[in-house]
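Novice: Dropping the structure in here first, questions after.
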Amino acid sequence: MKRLLGFAAIVALAAGSLHAQAVNATVCDVLKNPAAFDGKTVTIKGTVVAGFDQFVISDGNCAQDVNGIWLDYPQGSKAKAGPIKVVDLAPAKNFAGTVAPPNRAPVTLLKDKAFKQFDSALSTAHPNTGVLCLGCARYTVEATLTGRLDGVKDAIIARKDGKIVGLGGFGNFHAYPARLVIASIADVTQKEISYAATEAAVKASQPKESDQGGRGAQPGPQAQQESPALSFADAYTSATKLVAVMAPSTLTTQLQKDLAVLPKPKEQTSVSIVSGTANEVSAGEGAPGAIDSPDGLLYTITINRDRLPGPGVALAMVHGAQHVADVRSPIPGNEQAPTILYENNAWAVTVTLAIFSGEKTVTLPGGNLVWNSAWPAASQVSQMQSTLTDFLTKEEMFNK
């Protein structure tokens, strides 16, 4: 017992020392010049969101391309909260640029009562209500976080003569110029996200029992949502079959390209799909991989299958594949497009595939109803794009 008490005292002392040397800053302070905070211990207060492809802290619109700081736990933390899907980029063996793995001070996470409340709230999914809701969390959290700030001047993928020669940034497809590796958490207040408006709209659009000729309600999205998560092999097969019967269109062509970048079941390529929660600093971060890649980068799509029952796994795979396609084969002139454009592309193909899979409604995190088959046909496209734009700017915190 004495040894345990002694260890607890050491941890508490270390935590106190960490706070003593921490720099107080706002999210916007950091995002104005992330490189100036690189390597510093920083204390930041804000709203934390763990969504479909987010694990970020923000405090409003900072007038930046990306208005949030990516969050990671230290390696080996084994915490639960984090994004549902993340695309990570790493130099391949044949990377054309200079590889210089960062030398960063290690961080130890204080797993106290505040951490447990924080991690539990952010890892709680929105209760199943029969609506396909991709990565919808039940809570956001207001909290004060202290940790090591990693910052770069620009979160860009540098190109020269058609080759990728530089990789910067953090988080989902390295779109964030700043990352906080969490050491301690304080002042936790959880706030439940309201999905009432979306659920009411969905309920109003569903046929009543009397409309079914006395046969009762027909199987709908709830039956699909409650089905177990597909294996990656089954999800790939399901997506391939759906795209194969879609009518020719620009989005159909893009979905075909997306599926082409994904590895076939049991195939090893420069793109890999793994199951889990991508919420920790990667081991060997920045070091080159062991295999070559057509563009010099290795892509890892991490998907939390436990939070994506039914068709959600296939949709997450396509969402990640679109990010890979946008990095690997950008449209000429879009090589350094703003993040919101890439996210718009990924959600466009994801929602399209969901519609063709037979979903009557699709909801995005925060209760954004992006598709409802009951909408008038003439306004469906405009309503989808309007909802998606609101979602990207308000929920995912990207600027136009």
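The values are calculated or read from the model by the stated rules, or taken from the named source; none is laboratory data. Everything numeric in this text was worked out from a predicted model, so none of it was measured. Cβ placement follows ideal geometry from the backbone for every residue including glycine, while neighbour counts extend to all protein chains displayed.
Novice: Could you give me the residue pairs with C-beta distances under 7 Å whose first residue belongs to the stretch 270-296 and is touching a residue at least 24 places away in the same chain (Cβ under 8 Å), whose second residue is among the acidic types (Asp, Glu) and assigned to a strand (DSSP E or B) wherever it lies, and which are 6+ apart or on separate chains?
Specialist: So the pair list comes out as Ala278/Asp88; Asn279/Asp72; Glu280/Asp72; Val281/Asp72; Ser282/Asp88.
Novice: List every residue pair whose Cβ atoms sit under 6 Å apart, with the two residues 6 or more apart in sequence or on different chains, where the first one lies in the stretch 371-398 and is closer than 30 Å to Leu31 by Cβ and the second, anywhere, is in a helix (DSSP H, G or I).
Specialist: Once the first residue is closer than 30 Å to Leu31 by Cβ and sits in the stretch 371-398, its partners that are in a helix (DSSP H, G or I) give Leu388/Trp347; Leu392/Ile340; Leu392/Glu343; Phe398/Thr339; Phe398/Ile340; Phe398/Leu392.
Novice: Within the stretch 236-281, work out how many residues are in contact with a helix residue (DSSP H, G or I) (Cβ under 8 Å, 6 or more places away or on another chain), part of a helix (DSSP H, G or I), closer than 17 Å to Ala354 by Cβ and of a type in the set (A, V, I, L, M, F, W, C).
Specialist: Summing the residues that are in contact with a helix residue (DSSP H, G or I) (Cβ under 8 Å, 6 or more places away or on another chain), part of a helix (DSSP H, G or I), closer than 17 Å to Ala354 by Cβ and of a type in the set (A, V, I, L, M, F, W, C) in the stretch 236-281 gives 6.
Novice: Turning to a different aspect of this structure: If the requirement is being among the hydroxyl-bearing types (Ser, Thr, Tyr), under 30 Å from Ser382 (Cα atoms) and in a strand (DSSP E or B), which of these qualifies: Thr363, Thr352, Thr302?
Specialist: Thr363
Novice: In the stretch 34-47, is there at least one residue being modelled with pLDDT under 95 and assigned to a loop (DSSP other than H, G, I, E, B)?
Specialist: Within the stretch 34-47, not a single residue is modelled with pLDDT under 95 and assigned to a loop (DSSP other than H, G, I, E, B).
Novice: Sticking with this structure for a sec: Being acidic (Asp, Glu), buried (at least 22 other Cβ atoms within 10 Å of the Cβ) and outside any loop (DSSP other than H, G, I, E, B) narrows it down to one of Asp53, Asp72, so name that one.
Specialist: Asp72
Novice: Please find, among Ala200, Ala114, the residue that is surrounded by fewer than 23 Cβ atoms within 10 Å (Cβ to Cβ), in a helix (DSSP H, G or I) and at pLDDT below 90.
Specialist: When all the criteria are applied, what remains is Ala200.
Novice: Right, something else. In the stretch 379-400, how many residues are of a type outside the set (S, T, N, Q) and surrounded by 15 or more Cβ atoms within 10 Å (Cβ to Cβ)?
Specialist: So the count comes out to 8.
Novice: What about Arg148, is it in a loop (DSSP other than H, G, I, E, B) and either in contact (Cβ under 8 Å) with a residue 60 or more places away in the chain or of a type in the set (A, V, I, L, M, F, W, C) (or both)?
Specialist: no
Novice: Here's another thing I want to ask about it. Out of the residues in the stretch 117-134 that are at pLDDT 95 or above and of a type in the set (A, V, I, L, M), which is nearest to Leu71 (Cα to Cα)?
Specialist: Leu122
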